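Trainee: Below: one structure in structure tokens.
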Amino acid sequence: MSRIKQIILFLSFLLPFLSIAAEVNRDSLQRILYITNIPSEKIIVLNMLSNGWMEDDPLKAYNFAEQAFVLSETIEDYKGKAEALLYLGQYSSIKEDYVAALNYFLESQEGFNKTGDEQFHADVLLELGKTYQRRFEYEKSLKVLFEAMEVYKELNHPEKLAETYNLIGGTYYDQEKYDKAFEYFQNSMVIWEDIKDEVGLAKIYNNVGEIYRMNGHFDKALDFYNRAISLNLKISRLDYLAINYDNIGNIFLLQSEYDSSLFYMEKSLELSKSIKDNNRIAAANISLGKLYSRLDSKKKALQYFESGIQIASEIGYLINIKEAAKGMSNIYKEQDQFENAYRYHRMFKRINDSLFNIQNLEKITQLEMNLIFDHEQKIKSIQRQKTNYKYFLFAIGLISVLVLFILLYGRLRIKINHAKIEEENLQLEKQQLKEELDFKNRELATNVMYLVKKNELINYISDKLLKVKTKFKKENQDIIQQIILDLQANIDIDIWKVFEERFREVHMDFYKKLNQNFPNLRDNDRKLCALLRLNMSTKDIAAITHRNPNSIEVARTRLRKKLNISNREISLVSFLSSI
């Protein structure tokens, strides 16, 4: 082993454990990077530097990881590439780009599966669990976190095991399953107390305090929050400290101790601004909005809620936007500003429904995929049986052809008839699959038309009520206005989005094949193709797309030209069904 290799291995052992020497280690690694000309050693050093800089300077960590990734692809170093992808994913997660982070982590997981490195594989599972949790995909989060938990148990890695318990508890907490969350938080706390990990304890004390707060045990909650504050002040974790102050402020708000609540919430906001943590700034603004709403200072409350929505929208954090929108809707409603109340109520409902759909989409998709898979397996099984049967007949024929030709001829006719029956059965299976697909198409078309008709009916009734509202007595006009708001709240806004998600589930490859064969189609063309694939009429398509039937006919004519079938005797529906 070369001297440089020995130094690299020594520093790789030292870097994670000696935070005091971190800067020295990074400088040493930087010097080694310029000394060595061996690509495999460069990749190791680059990944170590990325890991070492991730907390202090994420951008610098990203640059090192990117260099390691490019170099590892050049020499086909699968382990180095998988590790670089892990750090690229961590950077994307810090920047709250969870789509990019997820892609990096999944590719990294695939790489570590090839190399068989259990430690890194578990680390990737841990990052995947965090990412799925932040995307509100809780089932996926728990699945990978439990996998990571088992690996860390086998490797006897208490620090990582405690972190995994904490994340599992957090996932249950987000689902409001507080008993399960408390169980895993306690498991985490026991380990961190045993190994005296102050950073871990600072996190877990806050989380245990949250469980007590949610269950109404405010004294116990305050005790754990104060334990967390003591540790965070000691280790200078200002981001965690801002969370502690906000949580304490909300406890005092629940107890109507408004002065104390204001003190802690303002401390949280001030601290969050000093470290430029936009997520915490948004949360602190929303907490202050709730406080001033209780103090009947509606103007201030609206200002804080508006700031919360603006900041949360910039970072795409839906839960904060939902909470702020709900608070603003309630205030405007109390002020009889029904148009604003309705606008923010719609925002709240849209995000709330979106979060609900994200949590349940996995279950629905999995059930439908299982159904399709079962049918495919059945068809493949029949085809295998048919192939094996033909081989059997051929073998029998070779053995018997010389001595039993006449008998074989009679038997062969019987076997051929059996083969025809099998073929007919196969065709029946295919026909059943086609009928099931047609049923899903009709169901999909019916559902979307139902949503359209429902929206039209709600709008019709709302318009009628608006026109006659002034004819009612003054004391009844507010009731009519509330009825209108309740009706409008039940309008399904993103009908096309719902339709397209379900359409992709039923016809998984349709858009892919359409884009491959006709790459010049526009979005509206592809939407029209999807609706025609369901054999929907011009009238129904016009209703869904809010267009004139004549314009739909013109669009169909243009679509035929783009699909190169304008001069062919074939219907659009038949052509699209064949794709």
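The values are calculated or read from the model by the stated rules, or taken from the named source; none is laboratory data. Model, not experiment: these values are computed from the prediction. A quick note on method: Cβ atoms are made from the backbone with ideal geometry, for glycine too, and the neighbour counts reach across all protein chains shown.
Trainee: Go through Phe518, Phe503, Phe472 for me and flag whichever is touching a helix residue (DSSP H, G or I) at 6+ places or on another chain (Cβ under 9 Å), among the aromatic types (Phe, Trp, Tyr) and surrounded by 18 or more Cβ atoms within 10 Å (Cβ to Cβ).
Mentor: Values: Phe518 fails: surrounded by 18 or more Cβ atoms within 10 Å (Cβ to Cβ); Phe472 fails: surrounded by 18 or more Cβ atoms within 10 Å (Cβ to Cβ).
On inspection, the qualifying residue turns out to be Phe503.
Trainee: Filter region 27-62 for residues that are touching a Leu at 6+ places or on another chain (Cβ under 9 Å), surrounded by fewer than 19 Cβ atoms within 10 Å (Cβ to Cβ) and among the basic types (Lys, Arg) and give the result.
Mentor: Of everything in region 27-62, just one residue is touching a Leu at 6+ places or on another chain (Cβ under 9 Å), surrounded by fewer than 19 Cβ atoms within 10 Å (Cβ to Cβ) and among the basic types (Lys, Arg), namely Lys60.
Trainee: Within region 140-160, how many residues are crowded, with 22+ Cβ neighbours inside 10 Å and over 21 Å from Leu102 (Cα atoms)?
Mentor: 1
Trainee: Among residues belonging to region 549-576 that are over 20 Å from Lys513 (Cα atoms) and modelled with pLDDT of 90 or more, point out the one that is surrounded by the most Cβ atoms within 10 Å (Cβ to Cβ).
Mentor: Result: Ile552.
Trainee: Still on this model: Test of understanding: among Val70, Val99, which residue is closer than 17 Å to Asn51 by Cα and in a helix (DSSP H, G or I)? Outline the logic, then answer.
Mentor: Details: Val99 fails: closer than 17 Å to Asn51 by Cα.
Matching residue, one of Val70, Val99: Val70.
Trainee: Looking only at region 218-244, which residues are in contact with a Gly (Cβ under 9 Å, 6 or more places away or on another chain) and under 20 Å from Asn279 (Cα atoms)? Give the derivation first.
Mentor: Our first condition is that a residue be in contact with a Gly (Cβ under 9 Å, 6 or more places away or on another chain); within region 218-244, this holds for 220-228, 244.
Scanning region 218-244 gives Tyr225, Ala228, Asn244.
Trainee: Same structure, new question: Of a type outside the set (D, E, K, R), at pLDDT 85 or above and closer than 20 Å to Leu485 by Cα: which single residue out of Gln337, Gln310, Gln303 fits that description? Before the answer, list the steps.
Mentor: Values: Gln310 fails: closer than 20 Å to Leu485 by Cα; Gln303 fails: closer than 20 Å to Leu485 by Cα.
After ruling out the rest, the residue left standing is Gln337.
Trainee: Go through (1) more than 25 Å from Leu29 (Cα to Cα); (2) in contact with a helix residue (DSSP H, G or I) (Cβ under 6 Å, 6 or more places away or on another chain) for Phe112 and report which single condition fails.
Mentor: Only one criterion is unmet by Phe112, namely (1).
Trainee: Which pairs have Cβ atoms under 6 Å, sit 6 or more apart or on different chains, and link a residue in region 453-470 that is farther than 28 Å from Lys539 by Cβ to one that is of a type outside the set (Gly, Ala, Ser) and assigned to a helix (DSSP H, G or I)?
Mentor: Note: pairs meeting the criteria are Lys469/Gln477; Lys469/Ile480.
Trainee: Name the pairs: first residue in region 273-287 and under 16 Å from Arg134 (Cα atoms), second residue charged (D, E, K, R), Cβ to Cβ under 8 Å, at least 6 apart or on different chains?
Mentor: Going by the 8 Å Cβ cut-off, the qualifying pairs are Asn278/Glu314; Asn279/Glu96; Arg280/Asp239; Arg280/Asp246; Ala283/Asp246.
Trainee: Return only the number of the condition from (1) more than 17 Å from Leu128 (Cα to Cα); (2) surrounded by fewer than 24 Cβ atoms within 10 Å (Cβ to Cβ) that Ala65 does not satisfy.
Mentor: (2)
Trainee: Every residue in region 179-205 that is hydroxyl-bearing (Ser, Thr, Tyr) and either touching a His at 6+ places or on another chain (Cβ under 8 Å) or closer than 23 Å to Ala242 by Cα (or both), please. Reasoning before the result, please.
Mentor: Kept after step one, since they are hydroxyl-bearing (Ser, Thr, Tyr), are these residues of region 179-205: 184, 188, 205.
Ser188, Tyr205, listed by residue number.
Trainee: Restrict the check to region 509-528 and report whether at least one residue is closer than 22 Å to Lys454 by Cβ and either in a loop (DSSP other than H, G, I, E, B) or modelled with pLDDT of 90 or more (or both). Let's see the steps before the verdict.
Mentor: Initial filter on region 509-528 (closer than 22 Å to Lys454 by Cβ): 527.
Among the residues that remain, those that are also either in a loop (DSSP other than H, G, I, E, B) or modelled with pLDDT of 90 or more (or both) are: none.
No, region 509-528 contains no residue that is closer than 22 Å to Lys454 by Cβ and either in a loop (DSSP other than H, G, I, E, B) or modelled with pLDDT of 90 or more (or both).
Trainee: Still on this structure: Taking the criterion of being over 18 Å from Asn232 (Cα atoms), without any contact (Cβ under 8 Å) to a residue 12 or more places away in the chain and either of a type in the set (A, V, I, L, M, F, W, C) or out of contact with any Leu (no Cβ under 7 Å at 6 or more places or on another chain) (or both), would at least one residue in region 191-209 satisfy it?
Mentor: Taking region 191-209 first, the residues over 18 Å from Asn232 (Cα atoms) are 191, 194.
After this cut, where a residue has to be without any contact (Cβ under 8 Å) to a residue 12 or more places away in the chain as well, the list is none.
No, the conditions are met nowhere in region 191-209.
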